[in-house]
Amino acid sequence: MLLPNHGANPQLLAKSLKTSLVENSIDFSVNVNPYPALSKMKEKWTSLYEEILDYPHPSAGPFVQRAAEIEGVRADQVLAGNGAAELIFLIAQAYRGTDVLITAPAFSEYEEACAANDCTVDIYVTSEGEGWQANLDELSEKLNGKQLCFLCNPNNPTGVAWDLDTLESIAALCDHHHVTLVVDEAFVHFLEQPVSTVRLMGKYSNLIVLRSMTKMFHLPGLRLGYAVSSKGQIDRLKKHQPPWSVNGPAQKLGLFCLEQEDFAAEAAMKTTDERKRMLPILHKIGFETSPSAVNFYLLRERGEGKDPLALIKYLLSRGIIVRHTFNFRGLDGRYIRIAVRTPQENDRLLAALEGWNSR
């Protein structure tokens, strides 16, 4: 069975399950901001025509400068990329052929990028039984002999966010073992009170923090992200990046989005309120969920011997598209990942799940 590797691919999911999509389906498999993108971006779009007639700034200089000011670092500590995915592959290229540790469950691109660059990958798996938290003694043992470690915080797919003290403990462990720590913060803007490991940058030169503009600002088609690290690490990554990696319209709209703190804060508040409303209801009707702090969560049926594919197929028949977890290390398909969407859409999901339990 060829299930899609990512969310936002409902046609392939339906084909894999030998079914079809119903009219007016809602895609809960994609975890971008469920609210409309900034209307001003539509107004700006026509003015961006001139941007496609000339080569863009080769290293997205103005965008990088503003991102650096916001993050409180120097411009030579920031690298813009064609989405966080490009930056992940640049890191794997820069550490080609080394031993790498990936904390799981995690975004599958970490392992794919490392495999494409002949790295030897080891996995440290967190579990539901431990609240998806890290055991630092076990993690320290896993870090022996490694050169690179990937960690996603807030985590995709669990939505769990580790606190800054835990992250600093992990950064210190990596420093002790001479390991470069990559913290992917693609969903940090969805936290009720965003806390970033960029705050640790002055203390730990072995730290690379990844940011995505895609998720909060609903721009998956534009492709824009950036890395924050020491100048030495950024220079190392730049050696592998082609010029003009970030197109002109992306640079301009990225600059605009960097100034939209109010939009991000409002969207985070709305999704937080909805998540806090939804999870207790899901528990009441017979499901377990991960203790998510962001705009998506893991869900499984309570009890033994449950078939998540049957539930996924049922939800498709009710116009609800969710994300399978067969390609997440440590999950093995036992859960489904569901995005937090608008109240009306979430109510439709609840009705479908109640229907499943009352069959």
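Based on this model, can you work out whether SER317 counts as touching a helix residue (DSSP H, G or I) at 6+ places or on another chain (Cβ under 7 Å) and of a type in the set (S, T, N, Q)? In short, no. Limited to the range 53-85, what total is found for residues that are farther than 30 Å from ALA116 by Cβ and in contact (Cβ under 8 Å) with a residue 60 or more places away in the chain? Counting residues in the range 53-85 that are farther than 30 Å from ALA116 by Cβ and in contact (Cβ under 8 Å) with a residue 60 or more places away in the chain gives 6.
Under the condition of being more than 30 Å from LEU311 (Cβ to Cβ) and outside any loop (DSSP other than H, G, I, E, B), the residues counted in the range 25-61 number 15.
I'd like to know if the range 219-230 contains one or more residues that are modelled with pLDDT under 95, of a type in the set (D, E, K, R) and out of contact with any His (no Cβ under 9 Å at 6 or more places or on another chain). Within the range 219-230, one or more residues are modelled with pLDDT under 95, of a type in the set (D, E, K, R) and out of contact with any His (no Cβ under 9 Å at 6 or more places or on another chain). So, LYS270, is that one closer than 25 Å to LEU219 by Cβ and charged (D, E, K, R) or not? Taking the combined requirement at face value, the residue satisfies it. Taking the range 226-345 and the helices (runs of 4 or more DSSP H) fully enclosed by it, the elements with 1 or more residues that are crowded, with 17+ Cβ neighbours inside 10 Å and without any contact (Cβ under 8 Å) to a residue 24 or more places away in the chain are at 261-284.
Here LEU90 meets the list (1) surrounded by fewer than 21 Cβ atoms within 10 Å (Cβ to Cβ); (2) farther than 15 Å from LEU331 by Cβ almost entirely, failing just condition (1). Restricting attention to the range 28-80 and to residues that are β-branched (Val, Ile, Thr) and within 30 Å of TYR335 (Cα to Cα), the residue that is least open to solvent (accessible area, probe 1.4 Å) turns out to be VAL32.
Would you pick out the residues in the range 86-100 that are of a type in the set (D, E, K, R) and free of Cβ contacts under 8 Å to residues at least 60 places away in the same chain? Write out each step before concluding.
Step one: of the range 86-100, the residues of a type in the set (D, E, K, R) are 86, 96, 99.
The answer is ARG96, ASP99.
Could you tell me whether ALA352 is hydrophobic (A, V, I, L, M, F, W, C), over 24 Å from SER127 (Cβ atoms) and within 18 Å of the chain's Cα centre (by Cα)? Outline the logic, then answer.
Details: hydrophobic (A, V, I, L, M, F, W, C): yes; over 24 Å from SER127 (Cβ atoms): yes; within 18 Å of the chain's Cα centre (by Cα): no.
So ALA352 does not fit the description; no.
Scanning the range 68-100 for residues that are β-branched (Val, Ile, Thr) and assigned to a loop (DSSP other than H, G, I, E, B) returns VAL73, THR98.
Selection of the range 280-310 for residues being closer than 23 Å to ALA104 by Cβ and of a type in the set (A, V, I, L, M, F, W, C) yields PHE287, ALA293, VAL294, PHE296, LEU298, LEU299, LEU309.
Strands (runs of 3 or more DSSP E) wholly in the range 101-220 with at least 2 residues that are in contact (Cβ under 8 Å) with a residue 40 or more places away in the chain and closer than 15 Å to ALA84 by Cα - which ones? Break it down into steps so the answer makes sense when it comes.
Details: elements: 120-125, 148-152, 180-184, 207-212.
Fully inside the range 101-220 and qualifying: 148-152, 180-184, 207-212.
Taken over the range 102-118, the criterion of being open to solvent by less than 20 Å² (accessible area, probe 1.4 Å), in contact with a strand residue (DSSP E or B) (Cβ under 8 Å, 6 or more places away or on another chain) and over 12 Å from CYS152 (Cα atoms) is satisfied by CYS114 alone. Scanning the range 193-225 for residues that are of a type in the set (Gly, Ala, Ser), surrounded by fewer than 19 Cβ atoms within 10 Å (Cβ to Cβ) and within 15 Å of ASN33 (Cα to Cα) turns up just one, GLY221.
Residue count for the range 6-27, restricted to those that are at pLDDT 70 or above, in contact with a Pro (Cβ under 9 Å, 6 or more places away or on another chain) and either crowded, with 21+ Cβ neighbours inside 10 Å or of a type in the set (Asp, Glu) (or both): 1. The residue of the range 167-189 that is farthest from the chain's Cα centre (by Cα), among those that are open to solvent by less than 30 Å² (accessible area, probe 1.4 Å) and closer than 25 Å to MET269 by Cβ, is LEU167.
The values are calculated or read from the model by the stated rules, or taken from the named source; none is laboratory data. Computed from a prediction, not measured in an experiment: that's the story for all the values here. No Cβ is skipped: glycine too gets one built from the backbone with ideal geometry, and neighbour counts run over all protein chains shown. Ligands, DNA and RNA are stripped out before the accessible areas are found, and what is left, the full protein with its side chains, is counted by its heavy atoms. Shrake-Rupley method; radii C 1.70, N 1.55, O 1.52, S 1.80 Å.
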